[in-house]
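The values are calculated or read from the model by the stated rules, or taken from the named source; none is laboratory data. Just so it is clear, the model here is predicted, and its values are computed rather than measured. Counting neighbours? That spans all protein chains shown, and the Cβs are built from the backbone with ideal geometry, glycine included.
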Amino acid sequence: MVTIKKIKERVTETRWSKLYVSAGILQCMIVIGLQVSICYLNSSEADLLLPKNTNSNVLTSNSTEYIPQQAADRLDRIKWENIAFSSFQCWFIYMVFDATTYQNTAEILALAILNAACAILGALQVVDCIRWLRRLNQVGSPVGPLMIAEKLEVTLSAVLLVFAVIMSFLSFQMSKQFGWNIYKKIGADVRIQKGRNSLWKSIIQVIVTLLILPMLYFARTAGSTEKLFHFVLILYQTLQPQDHWYTWIVLVFIGVLLDIASSVLGLICMCHFNKGLKPFVQRGNRKGDLEENKKENWQIDED
């Protein structure tokens, strides 16, 4: 069972764990602060423009007459993307503590990859902002708040890039620390180590899979009512140039990739579980298995 004492011990175990958690907290605070400011400025800019028009003909028109309405619609969408970014940072810092507490190498590496993906999405925000600034300037619309938002988005992109590099380096150091802990626990048996790694790599994927299981019910319902074509149509429309939910599209594709990875890693885990892996991953009150694990542990003199 996870306790405050255990979390404190794992976080302060080495200088790398201290730096890793500290960097994660600092990133979370800075990014959320910038995102909240950008969200406020985007909302202010949208209020300066003409009332938002949800007519599809207006939103997809190439006429410069409708640029303010199109910009207002896009800025309203960006507001929710800013909220999503902030929510991700809250989840990110939770996972930083979780990975450090459970000494999960796979989780550490997955967070480093997701952090790099956030840096890319931050750069896309800058490109999108510059695009709408240019279009609004063409028609003489007020762009004061949006110009300030652009500078903050450039700052955000730079911050995300710097932290992506820092967290990648710290993730590498943490993985070496966890590798040494694994060696002390289960020895140098490569076969057991590979099996253990496969198990932990699958856990985060399994969690994601469980969260989307309700979608299987809705997919089955749609199929039974002969509405499968609707799913294909939605995917097709999502990929159209006039669709402005850029961040959500990227997140959907990341989710699809995670689903595929979870299936593969889950199969690998099942194949390794009965090959000597089970005694090393027992938790809770299964004292018998834990005692068996202790008998097989290697005693290493750290002096």
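The table below lists the values:
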quantity	calculated
Which numbered condition GLU13 fails, given (1) within 18 Å of ALA72 (Cα to Cα); (2) more than 25 Å from the chain's Cα centre (by Cα)	(1)
Qualifying residue in the stretch 166-178 (condition: under 17 Å from SER86 (Cβ atoms) and under 20 Å from the mean Cα position of the chain (by Cα))	no
Test: residue in the stretch 49-71 that is within 22 Å of LEU156 (Cβ to Cβ), modelled with pLDDT under 85, crowded, with 20+ Cβ neighbours inside 10 Å and not acidic (Asp, Glu)	yes
Criterion (among the small types (Gly, Ala, Ser), exposed (fewer than 15 other Cβ atoms within 10 Å of the Cβ) and part of a helix (DSSP H, G or I)) met by exactly one of SER157, SER87	SER87
Residue that is surrounded by the fewest Cβ atoms within 10 Å (Cβ to Cβ), among those in the stretch 100-141 that are out of contact with any Phe, Trp or Tyr (no Cβ under 9 Å at 6 or more places or on another chain) and among the small types (Gly, Ala, Ser)	GLY140
